Amino acid sequence: MRECCVSELRCKEIIDVRDGGRFGYVGDVAVDLDSGQVKALIVPGRLRLLGLLGREEDIVFPWTAVRRVGEDVILVEGAEKRSGRRLRGP
């Protein structure tokens, strides 16, 4: 069994396994404090007009959408709670 710290997750980019779409880097992790299980990975929304107009909505990937955690990337599939934003296509 491999282990990973939350700080290491923040250095990983989230990529859709279906089409190679890139969503950005993990900014936060939602954890169930009672069970200690990771519930979701969160990618912060992009800044609008240099931050003067706030941010876009965060993209939330439920842990059930995570297919594999690699050295540099996290592969997700079928994430219901995500916006259509992507950084780059395949």
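Within segment 46-58, residues that are hydrophobic (A, V, I, L, M, F, W, C) reach partners that are open to solvent by 100 Å² or more (accessible area, probe 1.4 Å) and modelled with pLDDT under 80 with beta carbons closer than 7 Å, at six or more positions or on different chains, in the pairs 47/55.
Pairs are defined by a Cβ separation below 9 Å, a sequence spacing of at least 6 or placement on different chains, a first member in segment 16-40 that is touching a residue at least 12 places away in the same chain (Cβ under 8 Å) and within 17 Å of residue 72 (Cα to Cα), and a second member that is open to solvent by 90 Å² or more (accessible area, probe 1.4 Å) and outside any loop (DSSP other than H, G, I, E, B); the pairs so defined are 17/67; 17/68; 29/39. On the stretch given as segment 12-36, residues that are of a type in the set (Lys, Arg) and out of contact with any Phe, Trp or Tyr (no Cβ under 8 Å at 6 or more places or on another chain) total 2. Consider segment 59-74 and keep the residues that are among the β-branched types (Val, Ile, Thr) and free of Cβ contacts under 8 Å to residues at least 60 places away in the same chain. The one that is surrounded by the most Cβ atoms within 10 Å (Cβ to Cβ) is 59.
Open to solvent by 80 Å² or more (accessible area, probe 1.4 Å) and of a type in the set (A, V, I, L, M) - does that describe any residue in segment 33-40? Within segment 33-40, one or more residues are open to solvent by 80 Å² or more (accessible area, probe 1.4 Å) and of a type in the set (A, V, I, L, M).
Within segment 43-58, the set of residues being open to solvent by 100 Å² or more (accessible area, probe 1.4 Å), at negative phi and hydrophobic (A, V, I, L, M, F, W, C) comprises 47, 52, 53. Within segment 4-18, the set of residues being outside any loop (DSSP other than H, G, I, E, B) and closer than 14 Å to residue 44 by Cβ comprises 9, 13, 14.
The values are calculated or read from the model by the stated rules, or taken from the named source; none is laboratory data. For clarity, every value in this text was computed on a predicted model and none was experimentally measured. Please note: Cβ atoms are built from the backbone with ideal geometry, for glycine as well, and neighbour counts cover all protein chains shown. The protein model used for the area step is the full one, side chains on, heavy atoms only, and it has no ligands, DNA or RNA in it. Shrake-Rupley method; radii C 1.70, N 1.55, O 1.52, S 1.80 Å.
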